[in-house]
Amino acid sequence: MANTREFLLFSDAIMSNPNGDMINDNRPRQDERTGCLEMSDVRIKRYIRDEWLNREDKVFVRPVLGKDGYLDCKGVAKKVMEEENITKDELENKLKAEYKDVKLFGAVVTEPKFNILGPLQIMWSRSVHEAEVEYTQGTSVFSSGESRQQGTIWSKYYTPYALFKTYMVYNDLVAQKQNITVTEEDIEEFKDVLIAGIRNYKSTSKNQTPRLLVEVVYNKNHIDGELDYINVKSDKQDLEIRSIEDFTFDLAPLYDYYQKHREIITSINIYKHSKVKMIQEYSEFNYYYL
């Protein structure tokens with residue numbers, strides 16, 4: 001069984017809409033009081049699931065087209081049982097054992113009805129600075145009808161730049177209680193799929209890059225709960241920031257955390273993009289390039 005561990009991910013969005021709010025004209029989600037942008041856990045899981053699907057791995061929460069449109073949860077569960085040739089009583093264990101997203105994130109299945117609590121939880125992301133939200137319009141090549149002389153007018157909201165921080169935790173006790181076997185190899189694959197999913201999903205709406213992933217591995221079931229031990233500094237005003245190179249990352253608080261808990265910490269792994277600037281690198285940590 002994989003050891004308990006916590007993650008802190010920094011990723012940035014450039015000239016894009018990191019997570020549109022459908023009830024607010026699809027504007028980027030934003031804290032009105034601080035001006036910081038927000039991104040739901042569902043958005044991060046979407047990157048991961050899409051990458052699993054690209055690799056042809058088994059994923060339960062996915063778009064499945066039926067005769068009358070896309071299937072709901074009940075319909076997908078039924079399709080899985082048909083494909084796997086299993087009964088309702090066998091579905092839960094099959095999902096836990098072989099479907100990557102259920103094994104890690106869990107699932108709520110409506111028919112047959114059961115709830116799987118996933119051992120790996122991803123929290124909402126927030127930008128580490130106030131960010132702008134801009135609105136733009138343009139004209140497409142295609143018109144809205146044959147008699148039209150002008151292309152259809154489109155509009156969108158986007159942010160010029162935002163650096164997000166995301167906290168994640170894997171709890172081995174949850175895996176044991178749910179009777180889910182998660183290996184160290186599963187966690188290594190998760191990190192690879194997380195980075196690849198964010199990096200590979202590019203569109204006119206989504207343009208994010210993973211910049212820094214910090215992993216703290218424990219030798220016992222210990223959870224800090226936020227792992228907020230990296231100071232991100234910039235000499236520019238928040239709304240002037242346009243690049244990851246406008247920041248420096250200070251690992252001194254993380255080093256202090258390590259010194260206070262070194263008897264229960266197996267390793268601290270730092271995965272960094274080549275453009276990330278650090279004030280100091282500590283020999284007690286392991287460093288890898290993304």
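Structure data summary
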item	result
Pairs where the first residue, in region 258-284, is of a type in the set (A, V, I, L, M) and the second is surrounded by 13 or more Cβ atoms within 10 Å (Cβ to Cβ) and in a loop (DSSP other than H, G, I, E, B), C-beta under 6 Å, 6+ apart	264/222; 268/285; 270/285
Flag for residue 208 being under 21 Å from the mean Cα position of the chain (by Cα) and either surrounded by fewer than 16 Cβ atoms within 10 Å (Cβ to Cβ) or farther than 27 Å from residue 173 by Cα (or both)	yes
Top-ranked residue in region 21-78 [being small (Gly, Ala, Ser) and surrounded by 13 or more Cβ atoms within 10 Å (Cβ to Cβ); ranked as nearest to residue 163 (Cα to Cα)]	35
In region 135-173, residue nearest to residue 229 (Cα to Cα) [restricted to those that are surrounded by 12 or more Cβ atoms within 10 Å (Cβ to Cβ), of a type in the set (S, T, N, Q) and at pLDDT 85 or above]	166
Top-ranked residue of region 151-191 - restricted to ones that are aliphatic (A, V, I, L, M) and assigned to a helix (DSSP H, G or I), ranked as nearest to the chain's Cα centre (by Cα)	187
Residues satisfying the stated conditions in region 224-251, i.e. of a type in the set (A, V, I, L, M) and either assigned to a loop (DSSP other than H, G, I, E, B) or out of contact with any strand residue (DSSP E or B) (no Cβ under 7 Å at 6 or more places or on another chain) (or both)	227, 230, 241, 251
Failed item, numbered, when residue 221 is tested on (1) of a type outside the set (Val, Ile, Thr); (2) within 28 Å of residue 129 (Cα to Cα); (3) touching a Ser or Thr at 6+ places or on another chain (Cβ under 8 Å)	(2)
Selection from region 20-75 of residues that are in contact with a Phe, Trp or Tyr (Cβ under 9 Å, 6 or more places away or on another chain) and hydroxyl-bearing (Ser, Thr, Tyr)	40, 47
Residue that is at pLDDT 95 or above, touching a helix residue (DSSP H, G or I) at 6+ places or on another chain (Cβ under 8 Å) and part of a strand (DSSP E or B), where the choices are 213, 194	213
Boolean, residue 182 is crowded, with 21+ Cβ neighbours inside 10 Å and among the β-branched types (Val, Ile, Thr)	yes
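The values are calculated or read from the model by the stated rules, or taken from the named source; none is laboratory data. As the structure is a prediction and not an experimental result, all values here were calculated from the model. Note that each Cβ is placed from the backbone with ideal geometry, even for glycine, and that neighbours are counted across all protein chains shown.
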